[in-house]
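A.B. asks: Pasting a structure here, questions to come.
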Amino acid sequence: MNILDKIVEHKKTEVAKAKQKTSVKELKYYRHFNAPAASLKQSLNNNPDFPVISEFKRRSPSKGNINANAKVKDIIPGYTNAGVSGISVLTDKDFFGGCNDDLSEARDLTQTPIIRKEFIIDPYQVYEAKAIGASAILLIAAILEKQQAFDLAALANYLGMEVLMELHDESETEILNSYVDLVGINNRNLKTFEVNLQHAANLASSLPDSMLPIAESGIHSPEDFFFLKEAGFKGFLMGEYFMKHDNPANACMDFKQQVAQSKTANT
């Protein structure tokens, strides 16, 4: 059993417990549930010079602790001030050190669109995402059947959220559907955790024109950024690169300045 399978099995138990604790009916009374969600896709399109989705995460299965004691209040406002197009918040506790409260706290600190980055396998988690303040949800093609992905994406759209569908290889493109707004191509193989930017660049060319391509993982320099931008990517999800610093928000601002300087130097 690889780490992805292990996470999904654990998630089934976790979701069952969450349903027993809080019903969907109760989630609909959460203060964020009926609030309008800002469009991540529009935000990325409006910020072509720095279409970065910065991420808040404390650890990962592949890297262990990245910034174990990170606090939302210390980082999210700085990400906003750096001018990011979106913010991704990990809500998985056991493997990534996150929680739902992290996203709700982030929602209160910024108007920037927020993705709930989670291993979503059940409609309950989509209702939960809306209730805690998400603007969009992540769906991972590798852990979903085609009909399951369709139903989850349709529900997200119905609730006013956008969908970022994450792919790892070309065979997974068949799971895409009309309710998907953005397509993330993970440069990191979730089974081996190896990073290959060229693989992502090749896969980007096979995506439907209506879906905004997002590069995920393994982006560590302006050179990586521009390589992927030349390959057609319109957004960049960056977590570890920022979070490994003592001050992730400053690292984000520094990266933005490096990108701007590199662009000037090459024009």
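Values quoted throughout were computed directly from the atomic coordinates according to the rules given, and no laboratory measurement underlies them. Keep in mind that this is a model prediction, so the values were computed, not measured. Every residue, glycine among them, receives a Cβ derived from its backbone with ideal geometry; neighbour counts consider all protein chains shown.
A.B. asks: Please label the shape of the stretch 61-145 as rounded, prolate or oblate, based on the square roots a ≥ b ≥ c of the eigenvalues of the alpha-carbon gyration tensor (a/c under 1.5 means rounded; beyond that, a/b larger than b/c means prolate, else oblate).
C.D. replies: Oblate is the answer for the stretch 61-145, as a/c is 1.5 or above yet b/c matches or exceeds a/b.
A.B. asks: Figure the gain on full extension for LYS21 and LYS73 (residue separation times 0.36 nm, minus the Cα-Cα span) and round it to one decimal in nm.
C.D. replies: Extra length from LYS21 to LYS73 when fully extended: 16.0 nm.
A.B. asks: How big is the antiparallel share of DSSP beta bridges in the stretch 3-265, given as a percent to the nearest 5? Working shown, then result.
C.D. replies: Numbers: 3 of 33 bridges.
Within the stretch 3-265, antiparallel bridges account for around 10 percent of the total.
A.B. asks: Could you give me the ³J(HN,Hα) list for the stretch 239-253, computed from phi with Karplus coefficients 6.51, -1.76, 1.60 and θ = phi - 60°, whole Hz, x at Gly and Pro?
C.D. replies: x, 4, 4, 7, 5, 6, 7, 4, 10, x, 5, 5, 4, 5, 5
A.B. asks: Determine, from the Cβ-Cβ distance of LYS146 and ALA35 and an R0 of 45 Å, the FRET efficiency 1/(1 + (r/R0)^6), rounded to the nearest 0.05.
C.D. replies: 0.90
A.B. asks: Enumerate by residue number the GluC sites (Glu not before Pro) in the stretch 189-244 meeting two conditions: DSSP loop (anything except H, G, I, E, B), and at most 14 other Cβ atoms within 10 Å of the site's Cβ.
C.D. replies: GLU194
A.B. asks: Let me ask something else. Mind checking which lysines have their C-alpha under 29 Å from LYS263, skipping anything on the same chain fewer than 8 residues away?
C.D. replies: Hits, sequence-local ones excluded: LYS41, LYS57, LYS229, LYS234, LYS244.
A.B. asks: Ignoring everything except DSSP H segments at least 4 long, calculate the 222 nm mean residue ellipticity for the chain; use -39,500 (n - 2.57) per segment, divide by total residues, nearest 500.
C.D. replies: Theoretical 222 nm ellipticity from helices: -12000 deg cm²/dmol.
A.B. asks: Is the C-alpha gyration tensor of the stretch 3-265 telling us rounded, prolate or oblate? Criteria: a/c under 1.5 is rounded; beyond that, a/b larger than b/c is prolate, otherwise oblate.
C.D. replies: Rounded is the answer for the stretch 3-265, as its axis ratio a/c remains below 1.5.
A.B. asks: 7 Å from Cα along Cα→Cβ at both THR264 and HIS220: what's the point-to-point distance in nm?
C.D. replies: Result for the modelled spin labels: 2.7 nm.
A.B. asks: Quick one: Kirkwood hydrodynamic radius for the stretch 102-231, alpha-carbon pairs, angstrom, one decimal?
C.D. replies: With all distinct Cα pairs of the stretch 102-231 included, I get 15.2 Å.
A.B. asks: Shape call for the stretch 217-265 from the C-alpha gyration tensor, a ≥ b ≥ c root eigenvalues: rounded (a/c under 1.5), prolate (a/b greater than b/c) or oblate?
C.D. replies: Oblate, because a/c is 1.5 or more while a/b does not exceed b/c.
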